[in-house]
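Worksheet: the structure to be examined is printed underneath.
Nothing in this text is a laboratory measurement; each read-out follows from the coordinates by a stated rule. Source: prediction; values computed, not measured. FYI the Cβ positions are ideal-geometry reconstructions off the backbone, even for glycines, and counts take in every protein chain you see.
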């Protein structure tokens, strides 16, 4: 009887433990995937509304590549270098996770003149790296042109731009995140013209950060107006 009771306890324990693991896994997917992509899109659209000339240039590229008689497709993205430059600049200036999840080095390490003992918790300040004047010219300006004809990648090979980390602990959702952000931004700026709310000048829009957990969002949620810019029949696919 004691053995049966013990086995029942073990079975119930693992049932609930398994459920808890599933919940934690779903929380990881939500926090690491949905929130970061949503905040990145919000920052990118905010910066484009603040810089109408950059918005216009991106829309001209979309009109040239996609045309004005159909919505943007995933297959169009490789042919939109200026849009990709906008996304990179947004990753630099507004990383979705300014201070990513801490890491732990498993052996003694030396970086420049710094000795880092084994089992040290290492915290990377991606936000500061992206705004370092030693690494970037006019780092506080939103300027996608800095990435035109540049081989700087977001895949961790350039340590001035680390929105997804680097090495074996790099974000496993990098490719999906890039696809979601590029496709999402391309779709909304191709389909709509965007402008600030009445009595607000573009340059006066607030770009102060609000950090919630590991995620950076605008201090004031983006409020903007939009109007159709394509023929009516194109929007049937959105409904």
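Within the range 139-173, name every residue whose backbone N is under 11 Å away from a label modeled 7 Å from Cα of residue 109 along the Cβ vector.
Label zone hits: 166-169.
According to the square roots a ≥ b ≥ c of the eigenvalues of the Cα gyration tensor, what is the shape class of the range 34-115, taking rounded for a/c under 1.5, prolate for a/b larger than b/c otherwise, and oblate for the remainder?
Verdict is prolate for the range 34-115.
Report the FRET efficiency, 1/(1 + (r/R0)^6), for residue 123 and residue 233, where r is their Cβ-Cβ distance and R0 is 45 Å, rounded to 0.05.
The computed FRET efficiency comes out at 0.30.
On average, how much area does the Cα convex hull of the range 64-191 cover when viewed from any direction, in nm²?
The number I arrive at for the range 64-191 is 9.0 nm².
Which number do you get for Rg(Cα) / (2.2 N^0.38 Å) in the range 119-184?
On the way: Rg = 13.3 Å, N = 66, 2.2 N^0.38 = 10.8 Å.
Rounded to two decimals, the normalised Rg is 1.23.
Run the quick spin-label model on residue 223 and residue 159: label points 7 Å from Cα toward the beta carbon, then report their separation in nm to one decimal.
About 4.4 nm separates the two model spin labels.
Each label point is 7 Å from the Cα along the Cα-to-Cβ direction; what then is the distance between the points at residue 79 and residue 169, in nm?
Calculated label separation equals 4.2 nm.
Sort 155, 68 so that the residue with the fewest other Cβ atoms within 10 Å of its own Cβ comes first and the one with the most comes last.
68, 155
Please arrange 169, 227 by counting, for each residue, the other beta carbons lying within 10 Å of its beta carbon, fewest first.
Sorted ascending by nearby Cβ count, the order is 227, 169.
Does the range 119-239 come out rounded, prolate or oblate by the C-alpha gyration tensor, with a ≥ b ≥ c the root eigenvalues, rounded set by a/c under 1.5 and, if not, prolate when a/b is larger than b/c and oblate if not?
prolate
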